[in-house]
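See structure below.
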Amino acid sequence: MEILTRDYGTIEIDEALIIQFDNGIIGFEDYHKYVLLNCSDGEPSPFRCLQSTEESSLAFMLFDPFAVRPDYEVAIDDETAVGLSVDSSDDIIILAIIVVPDDFKLMSMNLKAPIIINARNNKGIQYIVDNIDYGVRHLLTDEVERTKNEKMINSQTAV
């Protein structure tokens, strides 16, 4: 199937990879079908693109929050697990929507409302995390610095 994308022009996708968001994404509830695209040419990257297959101009930049925040924790409730038909946590992909302003140093990720995808059946949801420590604008530069400092402290205490 060919789709027109916001950032990559017209591309060919496998229809089996379309992710169904029954409730849409917050603010975009009328769009339910997306595809997850790599942002790099085969190189491993924590960045991904969630492209609507229904509206070419609708795409979200996503980031693997565990790349800079290994302690990030998302405990989905039973209703959400049933809605996504989760059999195993190994099937779940958790990604944060990021905002990329002109000044890349101000790039932020939304840890309060991550995108959760069941990779086994391609069902997705934007989930509101019930944790006051997670907000909608975590600066990536701050998270990278925090992780570096924690690793340095842990290596010093292990000696």
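Every read-out reported here was derived from the displayed coordinates using simple, explicitly stated rules and does not represent laboratory data. This one's a predicted model, so the numbers in the text were calculated from it and none came from an experiment. A quick note on method: Cβ atoms are made from the backbone with ideal geometry, for glycine too, and the neighbour counts reach across all protein chains shown.
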- Message: In 5 Å bins starting at zero, report the fraction of Cα pairs in segment 42-82 per bin as a rounded %.
- Response: 6, 17, 14, 16, 23, 18, 7, 0
- Message: Could you tell me the center-to-center distance, by alpha carbons, between segment 31-47 and segment 64-95 in angstrom?
- Response: 18 Å
- Message: What does the C-alpha gyration tensor say about the overall shape of segment 1-137? Classify as rounded when a/c is under 1.5, otherwise prolate if a/b is larger than b/c, or oblate.
- Response: oblate
- Message: Treating only the Cβ of Lys, Arg, Asp and Glu as charged (+1, +1, -1, -1), what charge dipole size does the chain show about its Cα centre? Round to the nearest 20 debye.
- Response: 500 debye
- Task: Let me have the relative contact order for the chain, percent, based on Cα pairs under 8 Å that are six or more residues apart.
- Result: 18 percent
- Put a dot 7 Å past each Cα toward the Cβ at VAL144 and GLU54; how far apart are the dots in nm? 3.6 nm
- Would you mind checking the tilt of helix 140-158 against the longest principal axis of the Cα atoms of the chain, expressed as 0 to 90 degrees and rounded to 10? 40 degrees
- Message: Order these by the 10 Å Cβ neighbour count, fewest first: LEU106, LEU36.
- Response: LEU106, LEU36
- Query: In nm, what is the difference between 0.36 nm times the number of residues separating LEU4 and PHE47 and their Cα-Cα distance?
  - Reply: 13.5 nm
